[in-house]
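See below for the structure under consideration.
Please treat every number below as a calculation from the coordinates, not as lab data. If you're wondering where the values come from, they're calculated on a predicted model, not measured in any experiment. Here the Cβ positions follow ideal geometry from the backbone for every residue, glycine too, while neighbour counts run over all protein chains shown.
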Ligand SMILES: NC(=O)c1ccc[n+]([C@@H]2O[C@H](COP(=O)([O-])OP(=O)(O)OC[C@H]3O[C@@H](n4cnc5c(N)ncnc54)[C@H](OP(=O)(O)O)[C@@H]3O)[C@@H](O)[C@H]2O)c1
């Protein structure tokens, strides 16, 4: 069976470069999707308290037949739970729902515009890592100023920053800043929420390689050195996406993908998004 390459994070832990996201997969459906994905070869699963499917994800992880130590589970702290004590409580609640002894990666989901409580949340994350119940700690949707704050206050760098990256929104500037600090970029909505597969330039490239547009996009993320977590609830597409591991794009085609950038964000902007009214 094909396995995804692993990256060694800045804390020495290993993480598969290709995983899958379970946003918008219901709690009831999550366990079955995880079992299917694991049978295909996926070992890394990205969930969040916000996705309201941690119970199903935990069940899938426990029942999928692969040793816990060979799986990589990520979950995230939601925006309303920032602050030092609150982060511990929210973590305990996630662990209760997941029914796991530890998670591999805990992320601050968003910095939350207009608040600095993410700094206290990060201090709690550092303690959680020391406790061993979280193996690695990271962030999501953090910009340069947020990274400077948490690193300045604690001296601890996140292992990765999970950010929106797809062909029309590549965040090259932030990615360079992350790489300079030894922080991996992880692409969320890597297929542009499924919209990027309709781009004519990508469809044409897919024809050239005899691959699907989604495989071209995932392959581009992989060759660009990003961690990538496409979501699918469909067994055929889960397999198709995993098979992006099995071919190589020419350098010229990677450059052609890089050139598609239009700086067009599809989702919330961390400079203005609070999400405090959600969940
Ligand atoms: N940190 C954050 O703030 C944040 C925000 C958004 C997402 N995320 C994470 O990133 C993951 C992925 O992002 P996303 O779900 O927004 O978008 P995405 O992975 O870019 O796209 C998912 C969409 O593409 C479709 N799709 C998947 N594989 C396909 C294929 N081979 N061909 C055609 N269509 C395909 C899926 O439909 P089917 O399911 O029907 O296949 C779904 O509609 C999420 O699940 C979540 O874990 C994180």
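Kindly express, to the nearest 10 degrees and within the range 0 to 90, the angle between helix 213-223's C-alpha long axis and the longest C-alpha principal axis of the chain.
Taking the Cα atoms of the chain, the angle to 213-223 is about 60 degrees.
Compute the acute angle (0 to 90°) between the alpha-carbon long axis of helix 27-40 and the principal axis of greatest extent of the alpha-carbon atoms of the chain; round to the nearest 10°.
Helix 27-40 and the main axis of the chain meet at about 50 degrees.
What is the range 56-143's relative contact order, in percent, from Cα pairs under 8 angstrom and six or more apart in sequence? Write out the running numbers ahead of the final one.
Values: 122 pairs, mean separation 28.7, N = 88.
About 33 percent, as a whole number.
When the distances between all Cα atoms of the range 126-174 are binned every 5 Å from zero, what whole-number percent does each bin get?
Over the range 126-174, the share of Cα pairs per 5 Å bin runs 5, 18, 25, 22, 15, 9, 6, 1, 0 percent.
Of all DSSP beta bridges in the chain, what percent run antiparallel (nearest 5)? Numbers along the way, then the final one.
Working: 4 of 29 bridges.
Roughly 15 percent of the beta bridges in the chain run antiparallel, per DSSP.
What is the mean projected area of the alpha carbon convex hull for the chain, to one decimal in square nanometres?
For the Cα atoms of the chain, the hull's average projected area reads 13.5 nm².
Report, to the nearest 10°, how far helix 144-154 tilts away from the longest principal axis of the Cα atoms in the chain, using its own Cα long axis and a range of 0 to 90°.
So the inclination is approximately 40 degrees.
Arrange the following residues from fewest to most other Cβ atoms within 10 Å of their Cβ: 104, 180. Walk me through the numbers before you get to the answer.
Values: 104 22, 180 8.
In order of increasing Cβ crowding within 10 Å: 180, 104.
Helix-only mean residue ellipticity at 222 nm, the chain, DSSP H runs n ≥ 4 weighted -39,500 (n - 2.57), per residue, nearest 500. What is it? Walk me through the numbers on the way to the answer.
Details: 10 runs with 111 residues, N = 279.
After summing the helix terms and dividing by the residues of the chain, the value is -12000 deg cm²/dmol.
Quick one: what does P(r) look like for the range 144-249 with 5 Å bins over all Cα pairs, in whole %?
2, 12, 22, 21, 16, 11, 8, 5, 3, 1
Mean separation of Cα pairs under 8 Å and 6+ residues apart, divided by the residue count of the range 188-276: what relative contact order is that in percent? Numbers along the way, then the final one.
On the way: 68 pairs, mean separation 24.2, N = 89.
The value is 27 percent.
With the contact rule set at Cα under 8 Å and sequence spacing of 6 or more, what percent relative contact order holds for the range 128-201? Each step should come with its number before you reach the end.
Working: 86 pairs, mean separation 20.5, N = 74.
Contact order relative to length: 28 percent.
By count of other Cβ within 10 Å, fewest leading, how are 131, 232 ordered?
Working: 131 10, 232 22.
With the sparsest Cβ surroundings first, the list reads 131, 232.
Rounded to two decimals, what ratio of Rg to Rh does the range 71-178 give with C-alpha atoms and a Kirkwood Rh? If you can, show how the numbers build up before the last one.
Details: Rg = 13.6 Å, Rh = 14.1 Å.
That ratio equals 0.96.
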